[in-house]
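Heads up, the thing below is written out as structure tokens.
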Amino acid sequence: MSDVYLNGKFVPLEQACVPVLDRGFIFGDGVYEVIPVYDHRPLALDRHLHRLENSLKGVRITPPLSLATWQSLVKELVEREPSAQQSVYIQVTRGVAPRDHTFPPHATPTVFAMAKPLSAPPPEWIREGISTITHADFRWLKCDLKTTALLANVLLRQMAVDAGAVECLLIRDGYLTEGAASNVLVVLEGQLLAPPRNHLLLPGITYELVLELAAKKGIPCQERPVTEAELRRADEVMMTSSTREIVPITRIDGIPVGSGRPGSVTLRLLDWYQEYKRS
Ligand code: PDD
């Protein structure tokens, strides 16, 4: 693996060490981003950096780098990593300080970033679709911030894997929010439905791109609350994320979605997404 970036320096991964009193370790007090890179070019970099700024603002960490410096850091990481397809991970924590919940007055944020090869989702996921489970969304009420405090997401995703599924679809008060590590969109009666961007879910960059592509290509779409009942009677369901792109969901809690096969809207969106990546 190519060298990683830690607090201003590129070092081999094994030598990248953070003090145990880093608030990222102690409290999960940090935010992160994941940026996909295709053919050595980051996809939608500005959107990812804008979301990073928003997450930092949301948790009241002063941005440690300027927009231009983030851009050149990502560029350098991408150049150092030989794979054409990569994902760039950026993490910022509130820094190192004696353990106390209150913000430390003088801590310097810790900045860590790395690039690693990104493989496409397994072909059978696209051919057959994936199985999912549902669970009550027991996360907090600031899910729009991409924070490293992901224990709830970790537990929910593991429940899916333990059940032989790939993703866990989250339901809060009778409405679909998102997946444990993805957004979820639904096709119902010819319309693409997307749960609204608010504090209950992460405004996914892939979700945004999918909605923009659908609108451009004339697929009727609506960003509005999706009930659990609508999710269960949907014709198509898909998950989206920067690392897994668009994946058809063909089973929810063991029950087939629609025909039980990947649907035509999902597959068309996936084609348009590939075109968009190349453009
Ligand atoms: N996660 N919702 C959650 C909770 C996520 O963790 C992710 C992505 C998404 C999709 O967002 P985007 O399209 O911007 O990747 C939605 C990343 C990939 C991760 O944690 O590794």
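Couple of notes before you dig in:
- The number of residues in the stretch 178-192 that are within 13 Å of the ligand (Cβ to nearest atom) and more than 17 Å from Val210 (Cβ to Cβ) comes to 1.
- In the stretch 229-242, the count of residues that are closer than 23 Å to Ile35 by Cα, modelled with pLDDT of 95 or more and not polar (S, T, N, Q) is one or more.
Yes/no matrix, rows are residues, columns are (1) closer than 24 Å to Arg244 by Cβ; (2) away from the ligand (no atom under 16 Å from the Cβ); (3) not hydrophobic (A, V, I, L, M, F, W, C):
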{"residue": "Val31", "(1), (2), (3)": "yes, no, no"}
{"residue": "His40", "(1), (2), (3)": "yes, yes, yes"}
{"residue": "Asp46", "(1), (2), (3)": "yes, no, yes"}
{"residue": "His50", "(1), (2), (3)": "yes, no, yes"}
{"residue": "Asn54", "(1), (2), (3)": "yes, no, yes"}
{"residue": "Ala68", "(1), (2), (3)": "no, yes, no"}
{"residue": "Ser72", "(1), (2), (3)": "no, yes, yes"}
{"residue": "Glu76", "(1), (2), (3)": "no, yes, yes"}
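Matching residues to (1) within 13 Å of the ligand (Cβ to nearest atom); (2) of a type in the set (D, E, K, R); (3) on the phi > 0 side of the Ramachandran plot:
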{"site": "Ala120", "(1), (2), (3)": "no, no, no"}
{"site": "Gly129", "(1), (2), (3)": "no, no, yes"}
{"site": "Asp137", "(1), (2), (3)": "yes, yes, no"}
{"site": "Tyr175", "(1), (2), (3)": "no, no, no"}
{"site": "Ala194", "(1), (2), (3)": "yes, no, no"}
{"site": "Pro203", "(1), (2), (3)": "yes, no, no"}
{"site": "Val210", "(1), (2), (3)": "yes, no, no"}
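- Restricting the stretch 70-104 to residues that are within 20 Å of the chain's Cα centre (by Cα) and in a strand (DSSP E or B) leaves a set whose member that is farthest from Asp39 (Cα to Cα) is Thr93.
- Scanning the stretch 175-226 for residues that are crowded, with 23+ Cβ neighbours inside 10 Å and among the small types (Gly, Ala, Ser) yields a count of 5.
- Long-range neighbours under 6 Å by Cβ, at least six apart or interchain, first residue touching a residue at least 40 places away in the same chain (Cβ under 8 Å) within the stretch 169-183, second within 6 Å of the ligand (Cβ to nearest atom) and aromatic (Phe, Trp, Tyr): Asn183/Tyr207
- Unique residue being in contact with a Lys or Arg (Cβ under 8 Å, 6 or more places away or on another chain) and away from the ligand (no atom under 16 Å from the Cβ) when the list is Thr250, Thr227: Thr250
The values are calculated or read from the model by the stated rules, or taken from the named source; none is laboratory data. All values derive from a computational prediction rather than experimental measurement. When we count neighbours, we look across all protein chains shown, and the Cβ atoms used for this are built from the backbone with ideal geometry, even at glycine.
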